[in-house]
1. Once you list every other residue whose beta carbon is under 13 Å from the beta carbon of TYR122, what net charge do they have if Lys and Arg are +1 and Asp and Glu are -1?
2. Students often get this wrong, so try it: which of (i) 1, 10, 17, 22, 21, 15, 8, 4, 2, 1, 0; (ii) 1, 8, 14, 17, 17, 13, 8, 7, 7, 5, 2, 0; (iii) 1, 8, 15, 18, 18, 14, 11, 7, 4, 2, 1, 0 is P(r) over Cα pairs in 5 Å bins from 0, in percent as calculated from the structure shown?
3. Roll a 1.4 Å probe over the protein heavy atoms and report the accessible area of GLU146 in Å², nearest 10.
4. What 222 nm value per residue comes from the helices of the chain, counting each DSSP H run with n ≥ 4 as -39,500 (n - 2.57) and dividing by all residues, nearest 500 deg cm²/dmol?
5. Can you bin segment 3-96 into rounded, prolate or oblate? Criterion: square roots of the alpha carbon gyration tensor eigenvalues sorted a ≥ b ≥ c, rounded for a/c under 1.5, prolate for a/b above b/c, oblate for the rest.
6. Heavy-atom accessible area per residue, segment 76-157, 1.4 Å probe: how many Å²?
7. For helix 85-97, report the angle its Cα long axis makes with the longest principal axis of the Cα atoms of the chain; keep it between 0 and 90° and round to the nearest 10°.
8. Please identify every one of the chymotrypsin sites (Phe, Trp or Tyr not before Pro) in segment 4-45 that sits in a loop by DSSP and has no more than 10 other beta carbons within 10 Å of its own beta carbon.
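The values are calculated or read from the model by the stated rules, or taken from the named source; none is laboratory data. In this text the structure is predicted, and so the values were computed from the model without any measurement. Using ideal geometry, Cβ is built from the backbone for each residue, glycine included, and neighbour counts are taken over all protein chains shown. Note: accessible area is taken over every heavy atom of the protein model, side chains too, but ligands, DNA and RNA are not part of it. Shrake-Rupley method; radii C 1.70, N 1.55, O 1.52, S 1.80 Å.
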Amino acid sequence: MRYETRYCTHCGTPLMLLAVAEDDGNHKERLRCPACGWTHWNNPTPVLAAVIELEGRVLLARNAAWPNKQAFGLITGFMEAGETPQEGLVREVKEETNLDVSALSLIGAYDFQRMNQVIIAYHAIAQGEVRLSPELVEYRLEAPEEVRCWRAGTGFALADWLRARGHEPQFVDFATRRPA
């Protein structure tokens, strides 16, 4: 479920779309409080994603909230205040899979406007025994050359990781698991 900010977080007045001159001198329409002037910036949320390599294979998991039983993806989670992206990713991997991360390398940052997010993706080398959190219902381990990517968000990070290792990514449609 997506929540929208409708009221000023400072005074409770309903927000309105108001155009005001910003730092660059241009007027930009944003949700603003007509009473106290507070602005809802609606900035993208940073999301962390991990291409987890466990014993030479890639760990993909299925989220319990996903209606599509064929959809498997990367381990993701939100950064928390006071942590670096690397610390957040190590925490998320441990929380969601019980795995310990021994090495991290940045893959890249990816725009995911549909969810108003910026995905910061890492390659994580991990060890341990997989025990999924209640958020995840199933996982699989795939050889890098067998992994199939999806054309959204974290699927592009996975494709870049594969390309960097000499594998031309193959894309699938999540709905059908057939080549896209």
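1. Local net charge: -3.
2. From the options (i) 1, 10, 17, 22, 21, 15, 8, 4, 2, 1, 0; (ii) 1, 8, 14, 17, 17, 13, 8, 7, 7, 5, 2, 0; (iii) 1, 8, 15, 18, 18, 14, 11, 7, 4, 2, 1, 0, the structure gives (ii).
3. Its accessible surface works out to 110 Å², give or take rounding.
4. Helix-only estimate at 222 nm: -4000 deg cm²/dmol.
5. Cα axes put segment 3-96 in the prolate bin.
6. Dividing the accessible area of segment 76-157 by its residue count gives 53 Å².
7. Taking Cα atoms only, the helix is inclined about 60 degrees.
8. Sites meeting the loop and neighbour criteria: TRP41.
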